[in-house]
Amino acid sequence: MTTTGKPPRRTKAEQREETLAQILDAAEYLFGQRGLYGVTLKDVALLANVHTSLLHYYFADKKAMFDAVFARRAGVTAERRSVALDDYMAGRSDPPTVEGVLRAYLDTDLDLYMTGGEGWRNYAALGAQVAMAPEWGAKLFDTHFDPVVLKMIGLLKQALPDCPEEDIFWGYHFVTGALVNTLARTGRIDVLSSGLCRSDDFSAIKARMARFLAFGFEGVCQDRAAERNRATT
């Protein structure tokens with residue numbers, strides 16, 4: 001049997017899939033840097049090295065492209081976090097801890113940005129852009145992340161059974177703020193700390209974030225319990 005040494009010819013479906021990935025990668029980078037309104041279809045076509053008309057073959061408009069870019073990795077990270085929360089609870093006979101729940105939820109995501117390559121780092125910046133968009137950004141988060149967020153909140157309620165529900169939700173609000181600021185990688189902490197800390201040092205962030213936020217949850221809930229005790233005495 002003889003071989004020509006030539007790689008197998010790609011099917012048309014494989015070529016289309018490769019082209020689409022190339023477009024999404026380019027759009028992901030640009031949207032992460034400039035946001036939805038700072039990027040044109042021509043910008044994406046230029047970076048992806050394709051004709052602008054090809055973008056219209058895949059997407060109805062720029063917003064449809066943006067949604068596709070966001071959805072591509074959103075399902076991956078949401079599923080990984082959901083599995084991590086399930087694994088954390090598997091076989092437990094004692095209640096979850098706040099830090100344990102937060103580590104399952106946050107560390108799993110940070111691992112992607114540390115080890116997933118440039119694509120995931122670009123997606124981190126994109127996620128920060130979406131989180132700061134009050135209307136359409138919130139809808140994207142609702143669509144892709146509500147199930148895993150509510151799963152985490154349910155576990156936090158188990159970890160803090162005497163904590164008012166509103167404080168659990170406020171705690172999640174602050175968790176989101178810390179995560180979004182981290183994903184944005186603005187470089188501000190680099191300047192403020194004169195280089196002692198780096199906004200892209202996800203390992204350092206992972207070592208601290210969940211524990212820091214856990215103290216916040218527990219402190220607020222303890223304060224509220226003390227208020228209730230004073231009100232009844």
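Observations
- Residue in segment 17-36 that is within 23 Å of ALA124 (Cβ to Cβ) and of a type in the set (Val, Ile, Thr) present: yes
- Every pair of residues 6+ apart whose Cβ atoms lie under 6 Å, when the first sits in segment 201-214 and is surrounded by 12 or more Cβ atoms within 10 Å (Cβ to Cβ) while the second is of a type in the set (Ser, Thr, Tyr) and part of a helix (DSSP H, G or I): PHE202/TYR113; ILE205/THR182
- When residues of segment 130-165 are limited to those that are closer than 22 Å to ALA104 by Cβ and among the basic types (Lys, Arg), the one surrounded by the most Cβ atoms within 10 Å (Cβ to Cβ): LYS151
- Answer residue from segment 189-212, given it is touching a helix residue (DSSP H, G or I) at 6+ places or on another chain (Cβ under 9 Å) and basic (Lys, Arg) and is farthest from GLY117 (Cα to Cα) among those: ARG211
- Applying the criterion of being within 19 Å of the chain's Cα centre (by Cα) and either more than 20 Å from GLN129 (Cβ to Cβ) or of a type in the set (Gly, Ala, Ser) (or both) to the residues of segment 61-80, the residue that is surrounded by the fewest Cβ atoms within 10 Å (Cβ to Cβ) is GLY75.
- Qualifying residue in segment 162-173 (condition: under 24 Å from ALA71 (Cα atoms) and either in a helix (DSSP H, G or I) or in contact with a helix residue (DSSP H, G or I) (Cβ under 9 Å, 6 or more places away or on another chain) (or both)): yes
- Matching residues, segment 133-171, being more than 25 Å from ASN229 (Cβ to Cβ) and among the aromatic types (Phe, Trp, Tyr): TRP136, PHE141, PHE145
- Test: residue in segment 193-202 that is assigned to a helix (DSSP H, G or I) and not aromatic (Phe, Trp, Tyr): no
- Residue check, LEU140 at negative phi and at pLDDT 95 or above: no
The values are calculated or read from the model by the stated rules, or taken from the named source; none is laboratory data. Since the model is a prediction, treat every value here as computed from it, not as a measurement. For neighbour counting, all protein chains shown are included, and Cβ atoms are generated from backbone atoms with ideal geometry for every residue, glycine included.
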